[in-house]
1. Could you please report the charge total around T17, scoring K, R as +1 and D, E as -1 over all other residues with beta-carbon less than 15 angstrom from its beta-carbon?
2. If a paramagnetic tag sat 7 Å from the Cα of D449 along the Cα-Cβ line, which residues of segment 326-361 would have the backbone N under 19 Å from that point?
3. Could you check the simple spin-label distance between A432 and E275, using points 7 Å along Cα→Cβ, in nm with one decimal?
4. Starting from the Cα-Cα distance between R55 and R364, subtract it from 0.36 nm times their residue separation and give me the gain in nm to one decimal.
5. Can you list the aspartates and glutamates whose alpha carbon sits under 16 Å from that of K5, skipping same-chain ones fewer than 8 residues off?
6. For T32, what accessible area in Å² do you get when you roll a 1.4 Å probe over the heavy atoms of the protein chains, rounding to the nearest 10?
7. Considering only the other residues whose Cβ falls under 13 Å of the Cβ of L339, what net charge follows from Lys and Arg at +1 and Asp and Glu at -1?
8. May I ask you to compute the full-extension gain from R202 to Q423, defined as 0.36 nm times their residue separation minus their alpha-carbon distance, rounded to one decimal in nm?
Amino acid sequence: MAKAKTRYVCQACGSVTMRWQGQCPDCAEWNTLVQEAAEVTSIFAAKHNLQGGGRRIELVGLDHPAALPERIVSGVAEFDRAIGGGIVPGSAMLVGGDPGIGKSTLLLQIGAKLASSGRNVVYVSGEESAEQVRLRAIRLGLGKSPVRLAAATSVRDVLTTLDGDSPDLLVIDSIQTMHSDLIEGAPGTVSQVRASAQELVRFAKERGAAVALVGHVTKDGSIAGPRVLEHMVDTVLSFEGERSHQYRILRALKNRFGGTDEIGVFAMETEGLSEVPNPSALFLTRRGEPVSGTSVFPALEGSRPVLVEIQALTVRLASGATPRRAAVGWDSGRLAMILAVLEARCGLSFGTTEVYLNVAGGYRLSDPAADLAVAAALVSALSEKPIPSEAVVLGEIALSGEIRPVAHAPLRLKESAKLGFEQAWVPKEVKAVDGIALAHFGNLRALVDQVLGR
Ligand code: TYD
Ligand code: MG
């Protein structure tokens, strides 16, 4: 038998507990448990038996003919690239990002582009009035586009309005402002967000309409509301960048219809977002004089190389205070590892030195192929000997101090040569590439000797 019970749902992670606690036992956030009424059916009830009595399902083989999803190409090439070639009809997308990063602008521009090419686009804003959205569209030069616009926060109103209508794209800005009148609680609570999203995703599947949900991001970078939101949608896109910088990266974190290794790059300008089709030199500032503590690493975003500058600063401490280590754009655990290898295998000492590492331009690196460039910047900072400004550095460092080969070295080197770099410091396995001279390193000690000029 179902009986009404009270349960407590964490507003940060969506986990459920039966009694109130100050701290969520799952995600350790404080004061996030909120009471909800729930129908709870005990799984121990005597009648709970699912073995038999159901409908038989047809099982098919993997080689069963299946049509690839037909995609709607938005015409914003950087967006299409990030989502794997275009919008899949009937799919649900979640577009997350910090406030003010440009989510509304991006979706308005994509909606307008699609509408101008004859697609049926509906844009529902729960955050701004229709007037505000219209003014922005006019400012962006999109005032003539036949996007149908509404300011609404009730999912029931939205779905009633769209009864008998099947838009190619429905934009909901944002899912945290939507509410369902069947659920108690203010908009933005986990149960409201979940229920609203569920209805909208169902609408997408039933009508074959693509639905784009805008989602806010919390302090720690996860999309506010329950993680279940990420499970409910087909594609999770993250719109990233530093607000003080111009560049924005659209990245797929999850994609049921394609890969997650391509990114879209945009620049936020006064006339809205413009596409950056060739981002390889974006994060690079070239100056004449080489500066100690910097190195250049040819990163890869999907199939596209992006050259980034790595900056290190070391400060010697006089007293015995514990020195700080801070990394921006690079994993601090990996920084500690590289420092340890430099100490243990190369005889350098960072024990009384503060170490700061920064990836320039607000870029985030997670590719271990950048290890050697990080090490080069650190050694250069410590010794105050610059890395030649015409060199790029790549290689993964093993705990033994050996330099391991990296993926797609020829692609990275070709792009570096194209941007005017003349030498590359690489693992010994890397083969010659036209237009760039290679210096091979078998282990980290050899690189340290090179930087120190030994
Ligand atoms: P917005 O799309 O409203 O961000 P979000 O929906 O992610 O919160 O964009 C907000 C910022 O973008 C705003 O602070 C100003 C900037 N911006 C421009 O620089 N140029 C423009 O043309 C537009 C529309 C916004
Ligand atoms: Mg917005």
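1. On the way: positive: K5, R7, R19; negative: D26, E29, E36.
Residues close to T17 contribute a combined charge of 0.
2. Under 19 Å, as judged by backbone N against the label point of D449, lie 341-349 of segment 326-361.
3. Rounded to a tenth, the inter-label distance reads 3.9 nm.
4. On the way: separation 309, 0.36 × 309 = 111.24 nm, distance 5.01 nm.
Roughly 106.2 nm would be gained on extension.
5. Hits, sequence-local ones excluded: E36, E39, E184.
6. 20
7. Taking every other residue near L339 into account, the sum is 0.
8. 74.1 nm
The values are calculated or read from the model by the stated rules, or taken from the named source; none is laboratory data. Values in this document were obtained by computation on a predicted structure and should not be read as measured data. So basically every Cβ, Gly included, is an ideal-geometry build from the backbone, and we count neighbours across all protein chains shown. All accessible areas refer to the heavy atoms of the entire protein, side chains included, with ligands and DNA or RNA removed. Shrake-Rupley method; radii C 1.70, N 1.55, O 1.52, S 1.80 Å.
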